[in-house]
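K.L.:
The structure follows.
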Amino acid sequence: MKSKNAMHAMVLKKIGSALEWTELPDRQPGPGEIRVKVAACGVCRTDLHVVDGELPDPKIPIVPGHEIVGRIDALGEGVEGLKIGERVGVPWLGHTCGVCPYCASGRENLCDHPLFTGYMRDGGFATATIADVRFAFPLGETGGDAALAPLLCAGLIGWRSLVMAGAGKKLGLYGFGAAAHIVAQAAKWQGRSIFAFTRPGDVSTQTFARSLGAAWAGGSNELPPEPLDAAIIFATIGDLVPLALKAVHKGGRVVCAGIHMSDIPGFPYRILWEERQLVSVANLTRQDGIDFLRLAPQMGIVTHTTRYPLNQANQALDDLRAGRFEGAAVLVP
Ligand SMILES: [Zn+2]
Ligand SMILES: [Zn+2]
């Protein structure tokens with residue numbers, strides 16, 4: 001018998017297998033939690049890493065998805081300041097311990113005991129999800145649900161990466177997918193010049209990058225027409241690290257923005273020398289979310305989305321893997 005409130009989800013039951021459409025028992029939010037009726041959930045490269053078993057210790061079975069936009073439909077005990085029906089976003093950072101040295105020093109993105117949405121707690125490839133209210137962002141009523149969804153990870157972690165890249169004007173973006181297409185708009189609004197690097201020969205993505213204001217677009221095997229101040233690597237290919245180091249000038253910075261990358265090949269020290277910096281970005285803090293979501297409307301960010309019904313999540317993941325769309329994929333229940 002189907003319960004009136006039963007929720008459905010696309011569930012990963014075994015690493016490396018397809019997600020399965022599954023009816024789950026109705027869940028009530030616990031103390032400090034909210035239940036969110038999902039209106040849209042973006043599909044992120046990290047979801048592929050979870051499915052492929054490239055990240056350690058996922059909760060299995062798991063409902064992936066951490067770019068969740070929806071409306072609160074139940075409040076747990078002790079939740080204040082949010083109402084039933086209010087629109088919220090639920091991001092990758094699902095819980096932190098609040099007491100470890102990282103949490104205590106304003107670096108909760110590095111928390112020793114975190115829970116990440118769609119990886120360690122069930123996420124948004126579902127008709128409903130449960131979230132820790134302290135980590136959900138009120139989204140207001142401006143903008144469509146599907147258009148906002150990619151901001152919750154591609155946007156937030158892209159923003160953190162952009163801040164980490166420093167203030168340089170000439171910015172390279174390696175891998176022009178969901179995150180880069182948002183970061184390019186933010187960086188352009190800041191008055192920077194964008195140099196977009198795609199898979200060699202991917203003319204359609206290069207054209208897409210130029211349409212978003214990139215001053216130059218080419219293959220990742222090419223050098224930019226002039227040396228860069230900084231570069232952000234969104235692609236998951238370690239071979240790009242030495243290429244990006246060669247593309248930045250003395251004192252330039254290369255930011256690795258992904259959660260997983262193939263091995264980085266050996267490279268001569270001279271391409272790192274002269275105070276070039278190589279750093280990585282991990283996760284997000286709630287402050288990153290507050291900063292970025294406040295600025296996004298002013299920056300006029302328009303996300304380019306391809307929508308899939310929730311039960312087509314496997315197709316969306318396949319299309320992401322194969323690079324079959326520009327911008328971001330979004331699942332709609
Ligand atoms: Zn902590
Ligand atoms: Zn993500």
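K.L.:
Please count how many residues of segment 228-255 are touching a helix residue (DSSP H, G or I) at 6+ places or on another chain (Cβ under 7 Å) and within 20 Å of residue 168 (Cβ to Cβ).
P.N.:
10
K.L.:
When you scan segment 297-311, do you find a residue that is within 16 Å of ligand 2 (Cβ to nearest atom) and either of a type in the set (Asp, Glu) or surrounded by 21 or more Cβ atoms within 10 Å (Cβ to Cβ) (or both), even just one?
P.N.:
Yes.
K.L.:
Let me ask something else. Among the residues of segment 128-139, is there at least one that is open to solvent by 40 Å² or more (accessible area, probe 1.4 Å) and part of a loop (DSSP other than H, G, I, E, B)?
P.N.:
Narrowing segment 128-139 to residues open to solvent by 40 Å² or more (accessible area, probe 1.4 Å): 134, 138.
Next, only the ones that are part of a loop (DSSP other than H, G, I, E, B) stay: none.
Looking for residues that are open to solvent by 40 Å² or more (accessible area, probe 1.4 Å) and part of a loop (DSSP other than H, G, I, E, B), one finds none in segment 128-139, hence no.
K.L.:
When you check residue 57 against the structure, is it within 16 Å of ligand 1 (Cβ to nearest atom) and part of a loop (DSSP other than H, G, I, E, B), yes or no?
P.N.:
no
K.L.:
What is the one condition in (1) buried (at least 19 other Cβ atoms within 10 Å of the Cβ); (2) without any contact (Cβ under 8 Å) to a residue 12 or more places away in the chain that residue 211 does not satisfy?
P.N.:
Condition not satisfied by residue 211: (1).
K.L.:
Where in segment 66-117 are the strands (runs of 3 or more DSSP E), entirely inside, with at least 2 residues that are free of Cβ contacts under 8 Å to residues at least 40 places away in the same chain and either away from ligand 1 (no atom under 16 Å from the Cβ) or open to solvent by 10 Å² or more (accessible area, probe 1.4 Å) (or both)?
P.N.:
Here the list reads 68-75.
K.L.:
Residue by residue through segment 21-50, note down the ones that are more than 19 Å from residue 133 (Cα to Cα), open to solvent by less than 40 Å² (accessible area, probe 1.4 Å) and within 13 Å of ligand 2 (Cβ to nearest atom).
P.N.:
42, 43, 44, 46, 47, 48, 49, 50
Residue by residue, here is whether (1) part of a loop (DSSP other than H, G, I, E, B); (2) touching a residue at least 24 places away in the same chain (Cβ under 8 Å); (3) aliphatic (A, V, I, L, M); (4) open to solvent by less than 20 Å² (accessible area, probe 1.4 Å) holds:
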site	(1), (2), (3), (4)
187	no, yes, yes, yes
200	yes, no, no, no
223	yes, yes, yes, no
232	no, yes, yes, yes
243	no, yes, yes, no
251	no, yes, no, no
259	yes, yes, yes, no
274	yes, yes, no, no
284	yes, yes, yes, yes
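K.L.:
Next question. Can you tell which of 251, 258, 266, 289 is within 16 Å of ligand 2 (Cβ to nearest atom) and either in contact with a Cys (Cβ under 9 Å, 6 or more places away or on another chain) or closer than 27 Å to residue 226 by Cα (or both)?
P.N.:
258
The values are calculated or read from the model by the stated rules, or taken from the named source; none is laboratory data. Worth saying up front: this structure is predicted, and the values here are computed from it rather than measured. Note that we place each Cβ from the backbone using ideal geometry, even for glycine, and neighbour counts take in every protein chain shown. Only protein heavy atoms, including side chains, enter the accessible area calculation; ligands, DNA and RNA are left aside. Shrake-Rupley method; radii C 1.70, N 1.55, O 1.52, S 1.80 Å.
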